[in-house]
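Below: one structure, written as structure tokens.
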Amino acid sequence: MKHILKGALAVSAIALSLTMAQAQDLAPLNSDSEPDRMDWSELDAKFGALPPPAAGTKVGGVSKTLTNEYWRSLGEGYQNVATKLGVELVYQAAQNEGDQLGQLSIAENLISQGFNALLFSPQSDANLVPALEAAKAAGIPVLNVNDAVIPSAEHYVGNVQKGNGVNVANWFITNRPDGGKVAVIEGQPGVYAAGQRTAGFTETINAAGKFEVVASVPANWSREEAFNAAATILQQYPDLIGFYANNDGMALGVVEAVKAAGKAETVAVFGTDGVSDAYAAIRAGDLTGTVDSFPVLTGEIAMEVSLRLMAGQPLPRVVATPQALITKDNVETYATTDMAALRAALLAK
Amino acid sequence: MKTVFSRIRFRDAGTLLGLILISAVFAAQSDTFLTTPNLVNILQQSTINACIALGMTLVIISGGIDLSVGPVAALSAVLGAAMLVAGVPVPLAIAGALAVGVACGFVNGALITWGGLQPFIVTLGGLSLYRALALIYTGGTPIFGLPDEFRALTNGTLMGIPNPVIVVGVLAIAAWVILNKTPLGEYFMAVGGNPEAARIAGVPVTLTKMAAYMISGLMAAVAAMILIGRLGAAEPTMGTLWELDAIAAAAIGGASLMGGRGSIPGTLIGCIILGTLRNGLTLMNVQAFYQLLATGIIIIVAMLIDKVTSGKEG
């Protein structure tokens with residue numbers, strides 16, 4: 001009953017927003033805590049197999065930048081599904097992660113071209129708002145795929161950012177039962193993903209009681225800044241037992257600092273994202289672990305969700321995509337490029 | 001004096017010809033390109049850069065450079081948005097935000113003229129300084145929830161033309177009048193062309209430079225208002241690399257970074273060329289890396305043509 005009510009509310013909200021071309025009717029989205037949500041693994045069970053798309057279906061993807069492996073991989077995921085089902089895909093990206101206006105132009109230019117759905121990965125929470133509103137007015141469904149969260153987005157597919165930090169904290173709680181001092185290397189201040197990852201880690205590990213977060217400093221996603229910050233922290237707290245970095249680039253900087261300080265044996269280092277360099281470093285024994293959010297698989301799921309929406313399925317506002325803690329013990333299981341095998345491994349978890 | 005004006009007009013015709021050529025190529029490649037909504041789209045998307053580039057053109061003509069425009073825009077955006085969200089009446093909040101822009105321009109100008117520092121270095125410092133202030137003020141998070149009353153100003157249209165395009169059009173005419181019909185315009189040209197000669201001829205060099213940077217700050221604030229109206233939010237990180245787009249547009253339009261030369265119509269066409277390139281290449285589904293390549297080639301080709309034609313005339 002509650003669900004039907006919610007659905008009716010959502011439909012009326014959409015109708016209202018169409019007539020008024022306004023986005024104020026939905027509560028501002030918080031992708032981690034939005035109650036109207038489901039996990040990707042329940043899609044088939046709740047809504048059945050993926051409905052085949054109509055002939056000539058066109059989907060447009062607007063991504064952050066192709067200079068970052070993560071966004072290239074996400075596009076690969078879109079393309080996998082598009083190729084398999086005969087959907088035409090246009091995947092465009094801005095020139096760099098700071099290019100907010102350029103990305104907006106790209107998104108606006110795509111709207112005029114008759115796409116059946118658009119997948120947006122915005123540079124910031126606000127920069128694609130006009131495009132979202134224009135698409136809404138044109139009746140084109142828009143999916144906000146990962147990272148920055150547009151508050152007025154009706155559909156979001158992505159990672160539970162807080163879960164990344166929680167996963168790492170749980171590793172420490174299980175594997176370092178005596179507790180100790182830990183430190184966090186944060187991403188850019190004010191960025192949603194960075195704040196949530198840090199909060200997930202800090203809250204979980206503090207709740208365990210035996211740990212102390214002695215430092216939590218921003219390194220702005222930069223490997224070099226992370227190296228410097230970690231070197232300083234290690235000097236100040238020689239008995240530190242671990243670092244959690246908000247992304248893999250920074251974690252790899254921390255690894256170098258830990259090695260330079262001769263503490264590779266005693267200090268565990270974790271990253272987030274699961275880029276290929278991180279996998280290599282885990283195999284080499286340099287990086288203790290990372291939380292992989294499987295960008296290719298995320299891309300596939302986002303594309304599938306857009307096809308389900310086109311088929312009229314009443315999906316919840318947020319569909320959470322998979323993530324898993326990768327360490328030396330399971331690195332080979334998750335390193336596979338065979339997406340079917342990866343799905344099976346994640347579903348079995 | 002007459003030859004200078006005829007030369008600039010000749011140069012503007014060249015820039016326009018470039019725009020027509022580029023448009024013809026895109027029109028042949030994409031059915032969507034020449035539709036009215038798409039052309040309006042291009043103008044709309046070019047407004048922010050045009051706004052910044054108009055101020056930049058005046059600064060460049062006066063022999064300077066303003067690298068701080070993006071962060072100035074960000075600072076006036078967050079302060080303006082904070083006022084709007086706090087319930088300050090819309091005209092007052094806009095005036096406040098524009099005053100922030102002018103004040104930043106004043107600081108730049110004061111350091112350059114009275115402080116005797118180089119424009120490149122001063123505004124490079126400003127680039128970090130104003131960005132830092134915007135970040136510190138907001139704690140890094142965007143300000144959402146701008147009133148609809150304010151957003152209606154930037155999202156409305158007049159006879160099918162978006163309001164921002166009209167605003168920038170009016171500002172461009174104003175800039176043209178200042179540059180070509182007032183003593184201040186002659187001062188800009190004189191100070192940029194030969195500061196020593198200008199000083200001896202009795203041109204108020206300090207005030208002229210001051211005016212250029214304050215206008216540039218004002219235009220950055222106007223661009224900020226247009227953008228936050230469209231986005232419905234102000235972000236302290238907005239405006240990254242705006243200075244380079246504006247310099248590129250001014251250069252394509254015929255401004256000389258040595259000072260003393262530049263054109264308002266040329267800069268506007270330069271902005272539209274950059275906007276058209278981005279629009280057309282997206283319609284043709286050309287990837288970002290190649291779009292960057294095309295932009296670079298256009299700038300260099302424009303400079304080469306500039307060199308060749310000025311050689312002929314000189």
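Some observations on this one:
- Cβ-based exposure ranking for A:Ser121, A:Ser112, B:Ser128, in which fewest neighbours within 10 Å come first: B:Ser128, A:Ser112, A:Ser121
- Applied to the range A:174-189, the Karplus parametrisation 6.51 cos²θ - 1.76 cosθ + 1.60 on θ = phi - 60° returns per-residue 3J(HN,Hα) values of 6, 9, 10, x, 7, x, x, 8, 10, 9, 10, 9, 8, x, 4, x Hz, with x for Gly and Pro.
- Set A:Lys136/A:Lys349; A:Lys328/A:Lys349; A:Lys181/A:Lys349; A:Lys259/A:Lys349; A:Lys64/B:Lys307; A:Lys64/A:Lys349 screened for pairs whose C-alpha atoms are more than 28 Å apart: A:Lys136/A:Lys349; A:Lys181/A:Lys349; A:Lys259/A:Lys349; A:Lys64/B:Lys307; A:Lys64/A:Lys349
- Taking amide hydrogens as placed 1.01 Å from N in the peptide plane, the amide H of B:Thr237 sits under 5 Å from that of no residue at least 5 positions away in sequence or on another chain.
- Modelled this way, with points 7 Å down the Cα-to-C-beta line, the labels at A:Ala137 and B:Ala24 are 3.4 nm from one another.
- Each label point was placed 7 Å from the Cα along the Cα-to-Cβ direction; for A:Ala45 and B:Thr35 their separation is 4.4 nm.
- P(r), alpha carbons of the range B:90-175 - 5 Å bins starting at zero, rounded %: 3, 11, 13, 18, 18, 17, 12, 7, 2, 0
- Gyration tensor analysis over the Cα atoms of the range A:26-107 returns equivalent ellipsoid semi-axes of 25, 21, 13 Å (largest first, whole Å).
- The angle between the Cα long axis of helix A:295-310 and the longest principal axis of the Cα atoms of chain A comes to about 20 degrees, rounded to the nearest 10.
- Set the Cα radius of gyration of chain A against 2.2 N^0.38 Å, with N its number of residues, and you get 1.02.
- Volume in Å³ per residue [convex hull over Cα atoms, computed for the range B:10-65]: 92 Å³
- The mean sequence distance of close C-alpha pairs (under 8 Å, at least 6 residues apart), as a share of the length of chain B, puts its relative contact order at 35 percent.
- Fraction in percent of alpha-carbon pairs per bin - 5 Å, the range B:26-136: 2, 11, 16, 17, 15, 12, 9, 8, 6, 2, 1, 0
- Using alpha-carbon coordinates, inclination of helix A:223-236 to the longest axis of chain A, degrees: 40 degrees
- Normalised by 2.2 N^0.38 Å, where N is the number of residues, the C-alpha radius of gyration of the range A:161-292 stands at 0.91.
- Least to most buried among A:Asp32, A:Asp44 (fewest other Cβ within 10 Å first): A:Asp44, A:Asp32
- Helix A:100-111 and the longest principal axis of the Cα set of chain A meet at an angle near 30°.
- Looking at chain A, the DSSP beta bridges with both ends there are about 10 percent antiparallel.
- Cα-based convex hull volume of the range A:124-222 per residue, rounded to whole Å³: 98 Å³
- Per residue, the convex hull spanned by the alpha carbons of the range A:61-202 comes to 125 Å³.
- Remark on A:Asp273: its backbone amide H falls under 5 Å from those of A:Val291, A:Asp292, A:Ser293, a criterion applied only to residues 5 or more positions apart or on other chains, H modelled at 1.01 Å from N.
- Set of the range B:138-164 residues, backbone N closer than 17 Å to the point 7 Å along the Cα-Cβ line of B:Leu92: B:147, B:149-150
- Building the convex hull from the alpha-carbon atoms of the range B:215-309 and averaging its projection over directions returns 7.6 nm².
- Global size of the protein assembly as shown as Cα Rg and Dmax, reported in angstrom: 26.7, 85
- Proximity of backbone amide H atoms, modeled 1.01 Å from N, is registered between B:Gly253 and B:Gly270 at under 5 Å, excluding neighbours fewer than 5 places apart on the same chain.
- Working note: Karplus 6.51/-1.76/1.60 with θ = phi - 60° gives the range B:248-253 the couplings 4, 4, 5, 5, 4, x Hz, where Gly and Pro are set to x.
- With the largest listed first and rounded to whole Å, the semi-axes of the equivalent ellipsoid of chain B from the Cα gyration tensor are 29, 27, 17.
- Peptide B:37-49 shows a mean partner chain C-beta count of 2 within 10 Å per residue C-beta.
- Spin-label model, B:Thr141 to A:Thr327: label points 7 Å out along the Cα-to-beta-carbon direction sit 3.4 nm apart.
- Ranked for footprinting exposure by Cβ neighbours inside 10 Å, fewest first, B:Trp114, A:Trp221, B:Trp176 give B:Trp114, B:Trp176, A:Trp221.
Read the figures in this text as sums done on the coordinates, not as results from a lab. The shown structure was predicted, so the numbers you read here are calculated from the model rather than taken from an experiment. Quick reminder, even Gly has a Cβ in these numbers, built from the backbone with ideal geometry, and neighbours come from all protein chains shown.
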